[in-house]
Amino acid sequence: FHLFEGVFGASDGILGQTESGAGLEKKILAIYQNCRTEEEIAKAFDELRHELEAQITQKMDETREKILGHFDEDVHSRLRIQHEEAVRALGQMERKFWRLTRFTLDGHADFDEAELAFDLKNSPATEVPTGWYSLLRKRGQAEAIPGQSYRPYHLSHPMAQWCLQKAKEPTLAVAELWFDVANYNAKLSALEPLRGRSGWLHLELLSMGGLEEESHLLFTAQDDSGRNIDPELVEQIFRLDSEVMECQLPPLTIRERLQKDAHLYADSKLRESLEQNNVLFQEKRDQLYRWADDVVAAAERELSLAKAELRAAEKAAGIATTAQAQLEAQNRIRELESKKRQSRRRIDDVEDSVFAKRNGLIQELEQRVAQTHSVKPLFTIRWRLV
């Protein structure tokens, strides 16, 4: 499940539109049966994703032809209204993803903001073909370009992965950013008190290892009067467009203050994660205990069944009326006595094996609970809200 999670990213809705669940399960099972390394598994899932995308694109084209050919203008108009509603309903994650794409593909593609689509003129990723791509996969084609089909674009797409990796590469120097809240296309009431104010902001990436891998972006910020800015407000600030200007390093006192706040924030996240890991450890340990009990109980049921069969055979022997029937009954009794002894020995073997495996897995869990972490500074900026 952890491997499958996120492979299709934002496009996991395509699973219900391509194949039956059983057909998809068979393909995933084949991956596990034939692949022996993580690299082979990743490659196989990548090929499966491409195959599903091809099916989706084909179905979109077929559906589009049916709609344009068989429905009247009123239906077309309703579909256009639904598309506009979908654009308005786009979540913050998708908006951030779109802006990141627009930034990293600057010079490589022409963007249609109204349609949330782009025309990839020259592809920086060798495996990604040029052409039109759309963030709204289910809408079909835009009327602005008749006959032009769109490939679906989403977080797990190879072009998106290239954009994400590209955005992480540069080392960011200290800069001043003027964030434009006045011209944002929606109301951000929480930021109104910050308009006209300025200050300093620092961002670090906290990576944690334990039962689960975690990463957190830790924003610490203050205004020029020394008041701290809530991290949730800082995240809202980064929804805004901004103008970048050159800036000198902050004074030493400011740097020390930001660093101290960042350490406090990181410690708080580490304590929170440790508590969550402890709860998760208890749940997984209890699961292992229940699993071991179930395996032993299954072996004990086999012994109970063997005893019941033996009692029935002994009863049959007691009422046998011929020598042949008595001989067959005694042979059956000997077989069942042997089966009963084997079942009893199996209980001992199962207990030894299962409990050893259970204890080994619990020990492995205990080692994974031991938390490791690293902190990576990403950037420091001077901010101003205008």
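For the range 232-256, the set of residues classified as open to solvent by less than 80 Å² (accessible area, probe 1.4 Å) and assigned to a helix (DSSP H, G or I) consists of LEU233, VAL234, GLN236, ILE237, ILE254, listed by residue number. For LEU68, the criteria (1) at pLDDT 75 or above; (2) among the hydrophobic types (A, V, I, L, M, F, W, C); (3) open to solvent by 40 Å² or more (accessible area, probe 1.4 Å) hold in every case but one, which is (1). Taken over the range 339-362, the residue count meeting the criterion of being of a type in the set (Ser, Thr, Tyr) and open to solvent by 60 Å² or more (accessible area, probe 1.4 Å) is 1.
GLY196 falls short of the stated requirement of being free of Cβ contacts under 8 Å to residues at least 60 places away in the same chain, assigned to a loop (DSSP other than H, G, I, E, B) and over 21 Å from ARG95 (Cα atoms). From the residues in the range 162-190 that are under 20 Å from GLU243 (Cα atoms) and touching a helix residue (DSSP H, G or I) at 6+ places or on another chain (Cβ under 6 Å), which one is modelled with the highest pLDDT? Residue satisfying both the conditions and the ranking: PHE179. Tallying residues that are under 19 Å from the mean Cα position of the chain (by Cα) and either within 11 Å of LEU135 (Cβ to Cβ) or outside any helix (DSSP H, G or I) (or both) within the range 92-117 yields 4.
When the range 215-247 is filtered for residues that are of a type in the set (Phe, Trp, Tyr) and touching a Leu at 6+ places or on another chain (Cβ under 9 Å), only PHE219 remains.
Tallying residues that are modelled with pLDDT of 85 or more and either charged (D, E, K, R) or open to solvent by 50 Å² or more (accessible area, probe 1.4 Å) (or both) within the range 133-154 yields 1.
Quick check on the range 364-372. Is at least one of its residues among the small types (Gly, Ala, Ser) and assigned to a helix (DSSP H, G or I)? Taking every residue of the range 364-372 in turn, none turns out to be among the small types (Gly, Ala, Ser) and assigned to a helix (DSSP H, G or I). Between GLU38, GLU73, GLU5, the distinction of being at pLDDT 60 or above and either at positive phi or not aliphatic (A, V, I, L, M) (or both) belongs to GLU38 only.
Residues that are among the basic types (Lys, Arg) and either in a loop (DSSP other than H, G, I, E, B) or within 23 Å of LEU249 (Cβ to Cβ) (or both) are absent from the range 150-167. Out of curiosity, is LEU336 of a type outside the set (Ser, Thr, Tyr), in contact with an Asp or Glu (Cβ under 9 Å, 6 or more places away or on another chain) and surrounded by 14 or more Cβ atoms within 10 Å (Cβ to Cβ)? So LEU336 passes the test.
Among the criteria (1) part of a helix (DSSP H, G or I); (2) surrounded by fewer than 16 Cβ atoms within 10 Å (Cβ to Cβ), the one ALA329 does not fulfil is (2). Looking only at the range 180-196, residues that are among the polar types (S, T, N, Q) and farther than 18 Å from GLU232 by Cα come to 2 in all.
Quick test for you: out of LEU385, LEU288, LEU365, pick the one residue that is surrounded by 15 or more Cβ atoms within 10 Å (Cβ to Cβ), within 30 Å of LEU258 (Cβ to Cβ) and of a type outside the set (D, E, K, R). Going through LEU385, LEU288, LEU365 in turn, the sole match is LEU385.
The values are calculated or read from the model by the stated rules, or taken from the named source; none is laboratory data. Small disclaimer: the values here were computed from a predicted structure and weren't measured. All Cβ positions, glycine included, derive from the backbone under ideal geometry; neighbour counts span all protein chains shown. Side chains included, ligands, DNA and RNA excluded: accessible areas come from the protein's heavy atoms. Shrake-Rupley method; radii C 1.70, N 1.55, O 1.52, S 1.80 Å.
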